[in-house]
Amino acid sequence: MTDSSARPPAPARRPGPAGSPATLVTVAPTGAESQKAAVPALPVTLDELVTTARECRASGAAVIHVHIRDDEARPTLDIGRLTDTVQALREATDLIVQLSTGGAVTDSFERRLAVLDAGPDACSLTCGSVNFGDEVFANPWPFIRELYARTQELGVVPEFELFDLGQVATLHRLLADLGAPHGGHVHCDLVMGVPGGMPGDAATVTAAVAALPAGATWSATGVGRASLPVMFAALAAGGHLRVGMEDTISLARGRPVTSNAELVERAAALAELALRPVMTPQDARTMLGVPDHR
Ligand code: KMH
Ligand code: ZN
């Protein structure tokens, strides 16, 4: 038997998005790092991507974060392919289509800027450079500023990707310098557990969230074995979730992911258990300030 009068007071809750406790699930199905030969379930063709998008929508995703591949399954930022991909995903689903402007570590700034010409609903926008395994994912201030200004001109809603706490400081600088994003709402994604970036644990989720701009919403993604700790911490702290084979290719030791939908289903089940069921793409559009272009 417990003495409820002896319990400490419940911690103050951060206000939920638009008064809703629902959970936004973003799927990042492909990324630029895994090889198709090593990870056969990775969607790399347009058909595979569209099938994945449909399955993930049915499993609870509201946003798709898109990297594409060429005919040899290598990462590409070919503008024609990106444009076709945006159209195909819009025709097949009502997901919010978010193109990666991060690309692969080898992509030029020019090609990364040109991604916006494919006309997506949204894009990722990383707020600083970070060691990325043995490589560097380069995002110097002038590039960040130019990319952000271009999202404002073209009416693309950015999601601010944050790989460490220094990048949160850069996000504040960006907003102070150039003002609010298209759509008027700041939404961030904490990318945790990249070798060279912030660790994927509950203490770091708490520290990063405390540093975000007032009124911002956020999701979190844990790379590799950080996936589950970050997911539990994000759900507990009122955040949203990004999952997918860009970040996670094993469900557990010796259990490779067999489809992106499997990861979305797991995220949706945990969100349901946390009494924060998944939100629809329509509700996500309202929260993020993303108009429906379809
Ligand atoms: N592939 C990484 C180098 C993004 O999509 O904006 C960068 C990345 C971030 O995946
Ligand atoms: Zn990405």
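Please give the net charge around Lys36, taking every other residue with its beta carbon less than 12 angstrom from that of Lys36, where Lys and Arg add +1 and Asp and Glu add -1.
Here the count lands on -3.
Where does the charge balance sit around Arg112 when Lys and Arg score +1, Asp and Glu -1, over other residues with C-beta under 14 Å from its C-beta?
-3
Could you work out the relative contact order of the stretch 41-93, using alpha carbon pairs under 8 angstrom and six or more residues apart, expressed as a whole percent? It would help to have the intermediate numbers written out before the result.
On the way: 31 pairs, mean separation 22.3, N = 53.
Value for the stretch 41-93: 42 percent.
Relative contact order (percent) for the stretch 20-141, with alpha-carbon contacts under 8 angstrom and 6 or more residues of separation?
Details: 188 pairs, mean separation 27.3, N = 122.
For the stretch 20-141, the relative contact order is 22 percent.
With charges only on Cβ, +1 for K and R and -1 for D and E, what is the dipole size of the chain about its Cα centre, in debye, rounded to 20? Walk me through the numbers before you get to the answer.
Numbers: 23 positive and 33 negative charges, 163 e Å.
For this selection, approximately 780 debye.
Please report how far the C-alpha centroid of the stretch 153-231 lies from that of the stretch 77-129, rounded to the nearest whole angstrom.
Here the answer is 19 Å between Cα centres.
Find, to one decimal place in angstroms, the Kirkwood hydrodynamic radius of the chain, where the mean of 1/r is taken over every pair of different Cα atoms and then inverted.
19.0 Å
Provide the FRET efficiency to the nearest 0.05 for the Thr45-Ala203 pair, computing r from the beta carbons and using R0 = 35 Å.
0.30
Can you pull out the GluC sites (Glu not before Pro) in the stretch 198-265 that DSSP calls coil and that have at most 16 other Cβ atoms within 10 Å?
Loop-located and lightly packed - none at all.
Net charge around Ala271, counting only other residues with Cβ within less than 13 Å of its Cβ (Lys, Arg = +1; Asp, Glu = -1)?
Residues close to Ala271 contribute a combined charge of +1.
Take every Cα pair under 8 Å in the stretch 141-218 that's 6+ residues apart, average their separations, divide by the length, and report that relative contact order as a whole percent.
On the way: 79 pairs, mean separation 25.4, N = 78.
Reported relative contact order: 33 percent.
Take the chain, connect every pair of alpha-carbon atoms lying under 10 Å apart with a spring to form a Gaussian network, then pick out the residue of His187, His172, His67 with the largest mean-square fluctuation.
Between His187, His172, His67, it is His172 that shows the largest mean-square fluctuation.
Tell me the carbon and sulfur percent of the accessible area for the chain, rounded to whole percent, probe radius 1.4 Å.
55 percent
How large is the helix-only mean residue ellipticity at 222 nm for the chain, computed as the sum of -39500 (n - 2.57) over DSSP H runs with n ≥ 4, divided by its residue count, in deg cm²/dmol to the nearest 500?
Taking each H run of at least 4 residues, the total per residue is -11000 deg cm²/dmol.
Under a GNM of the chain (C-alpha, springs under 10 Å), which listed residue has the highest mean-square fluctuation: Val105, Val264, Val25?
The residue that fluctuates most here is Val105.
Within the stretch 30-89, list the GluC sites (Glu not before Pro) lying in a DSSP loop whose Cβ has at most 13 other Cβ atoms in a 10 Å radius.
Within the stretch 30-89, the qualifying GluC sites (Glu not before Pro) (loop, at most 13 other Cβ atoms within 10 Å) are Glu72.
The values are calculated or read from the model by the stated rules, or taken from the named source; none is laboratory data. Predicted model, so just to flag it, every value in this text is computed and none were measured. Don't worry about glycine lacking a Cβ; one is built from the backbone with ideal geometry, like all the others, and counts go over all protein chains shown. Surface areas here come from the heavy atoms of the whole protein model, side chains and all, with no ligands, DNA or RNA. Shrake-Rupley method; radii C 1.70, N 1.55, O 1.52, S 1.80 Å.
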